[in-house]
Amino acid sequence: MKRWIPLLAMALVMLSACGSAPASAPASAPAASTDSPSGAAASGDVDTSKLAKELFFYNWSDYIDPSILDDFEKEYGVKVTLDTYDQNEDMIAKVRAGNSGYDLVVPSDYAVTTMAAEGLIIPLDKSLLPNISHMNPDLLNKYFDEGNVNSVPYMYGISGIAYNKQDFPDGVDSWAALFDPAQIEKYKGKFSMLDDERESPGAALKYLGKSLNDTDPADLKAAEDLLIAQKPFLAAYNSSDVNRKLASGEYVIAHAWSGQAIQAHNGLGDEFSGNADIMFTMPKEGGMIWMDNLAILKDSPNAYTAHVFINFLMRPDIAARNTEYIGYLSPNKDAVDLLSQDIKDLYAQGFAPDAEMIKRLEWAVRNEKTTAFTDLWTVVKGE
Ligand code: N2P
């Protein structure tokens, strides 16, 4: 049952070796913010006199164990206020508008590139992040932020299909289960797609046998047509509570992130209870692998405190507890060693990639030359 870990590590090496690493413009280095980290804490020790009273954290929904925020407050006297979002583009729009009030955000891979290129996030002071030593080196230094200049990995995962095995006793193996009209009419109104301009068009492109980064106009038109044809059958585009709706039985199947599926299976703390019939699969046509990353906003007046918080989140015991709670995959190798057999068993049942699955996964890449995905999504959502 431990099998998935070495395989996964190996597979990730393969993926990074053969993955397309687009040349992206180097991030501009924005001016330091007001409490810019200084050399005072170069040892990695925290200078408590420099800590702010409060930190504003803008993170994805259902993406942190709330007890970790309590622990951080107990240990450092800093209260972390959490606001949530469900799509990179919403978060970036808010930050771009200025004065968001947030210190820290969690952009996915391609969104780190966008934010760095626009000078929305600041280079990190690695002397304040000694716990980076616990990270899996295969998940550092990725194409979207070489050298981890502007971000450190938080969690990673995959986007596939969550389903209720009572309704699909033979399992699910293709995106056809979400796109083929003959199949989806049987569960009309009881399934959802991720409300996300890269995810749902990406799934449609994979079903069509294309790359999820494909911007060929004919392929995008075909993906758009597929999504529009699917729309009358959908309960909703849903990235926010698909976990709850799968667990309650309101949905029988859904396009979902792997951790949402684990949450639907296991339940989530005091939030909702799980349903052990919820399973997860990566369709044979392939799908997305992604990683979300901690980054500090240029506007943050509390950059020092934000570094201390990021370093805290990279502590293996904290990262392991967080991973157990939210069910995604930890890029922290020393945290992975601390995970329970229960979650490792779920990973091995398809909630995490193995060496075979990883061959059909693809990362989303930012393409600054086109707004094709935003345009397509605007059309589909407006239908
Ligand atoms: C958790 C969000 C997972 C992030 N609700 C997908 N990139």
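The values are calculated or read from the model by the stated rules, or taken from the named source; none is laboratory data. None of the values given here were measured: they were computed from a predicted structure. Backbone-built Cβ (ideal geometry, glycine too); neighbour counts: all protein chains shown.
Summary table
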| read-out | value |
| --- | --- |
| Checklist (1) farther than 14 Å from I158 by Cα; (2) among the hydrophobic types (A, V, I, L, M, F, W, C); (3) touching a strand residue (DSSP E or B) at 6+ places or on another chain (Cβ under 7 Å) applied to L329, failing item | (1) |
| Cβ-Cβ under 7 Å pairs, at least 6 apart or on other chains, the range 50-75 side in contact (Cβ under 8 Å) with a residue 24 or more places away in the chain, far side within 16 Å of the ligand (Cβ to nearest atom) and of a type in the set (F, W, Y) | Y58/Y85; W60/Y85; D65/Y325 |
| Matching residues in the range 305-351 - criterion: being within 16 Å of the chain's Cα centre (by Cα), closer than 16 Å to G274 by Cβ and among the small types (G, A, S) | G327 |
| Qualifying residue in the range 101-114 (condition: assigned by TED's automatic domain parsing to the domain that holds A303, over 30 Å from K221 (Cα atoms) and part of a strand (DSSP E or B)) | yes |
| Whichever residue in the range 172-203 is more than 19 Å from the chain's Cα centre (by Cα) and aliphatic (A, V, I, L, M) and, among such residues, is farthest from F233 (Cα to Cα) | V172 |
| Qualifying residues in the range 331-383 (those that are among the basic types (K, R) and either in contact with a helix residue (DSSP H, G or I) (Cβ under 7 Å, 6 or more places away or on another chain) or under 29 Å from I310 (Cα atoms) (or both)) - the one surrounded by the most Cβ atoms within 10 Å (Cβ to Cβ) | R366 |
| Total residues in the range 334-358, condition under 19 Å from D109 (Cα atoms) and of a type outside the set (A, V, I, L, M) | 1 |
| Criterion violated by P123 - all others in (1) on the phi < 0 side of the Ramachandran plot; (2) part of a helix (DSSP H, G or I) satisfied | (2) |
| Residue match in the range 67-80 (condition: surrounded by fewer than 22 Cβ atoms within 10 Å (Cβ to Cβ), under 28 Å from E199 (Cα atoms), in the same structural domain as L313 (by TED's automatic domain parsing) and within 16 Å of the ligand (Cβ to nearest atom)) | no |
| Subset tally (residues that are of a type in the set (A, V, I, L, M, F, W, C), within 16 Å of the ligand (Cβ to nearest atom) and in contact with a Ser or Thr (Cβ under 8 Å, 6 or more places away or on another chain)) for the range 108-130 | 1 |
| Test: residue in the range 300-322 that is within 15 Å of the ligand (Cβ to nearest atom), within 28 Å of K206 (Cβ to Cβ) and not charged (D, E, K, R) | no |
| Matching residues, the range 282-299, being more than 16 Å from the ligand (Cβ to nearest atom), part of a loop (DSSP other than H, G, I, E, B) and modelled with pLDDT of 95 or more | P283, K284, E285, G286, K298 |
| Total residues in the range 81-97, condition away from the ligand (no atom under 16 Å from the Cβ) and in contact with a Phe, Trp or Tyr (Cβ under 9 Å, 6 or more places away or on another chain) | 3 |
| Single condition T281 does not satisfy, out of (1) in contact with a Leu (Cβ under 8 Å, 6 or more places away or on another chain); (2) within 25 Å of A348 (Cα to Cα); (3) among the hydroxyl-bearing types (S, T, Y) | (1) |
| First in the range 88-103 and of a type in the set (F, W, Y), second anywhere and assigned to a helix (DSSP H, G or I), Cβ under 9 Å, 6 or more apart | Y102/M91; Y102/K94; Y102/V95 |
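Rundown of residues vs (1) closer than 30 Å to D125 by Cα; (2) in contact with a Gly (Cβ under 9 Å, 6 or more places away or on another chain); (3) in a strand (DSSP E or B); (4) not β-branched (V, I, T), yes/no style:
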site	(1), (2), (3), (4)
K245	no, no, no, yes
Y251	no, no, no, yes
A261	no, yes, no, yes
A276	no, no, no, yes
R321	yes, no, no, yes
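Rundown of residues vs (1) crowded, with 24+ Cβ neighbours inside 10 Å; (2) aromatic (F, W, Y), yes/no style:
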site	(1), (2)
S133	no, no
P137	no, no
S159	yes, no
K165	no, no
A176	no, no
A182	no, no
K190	no, no
E197	no, no
Y207	no, yes
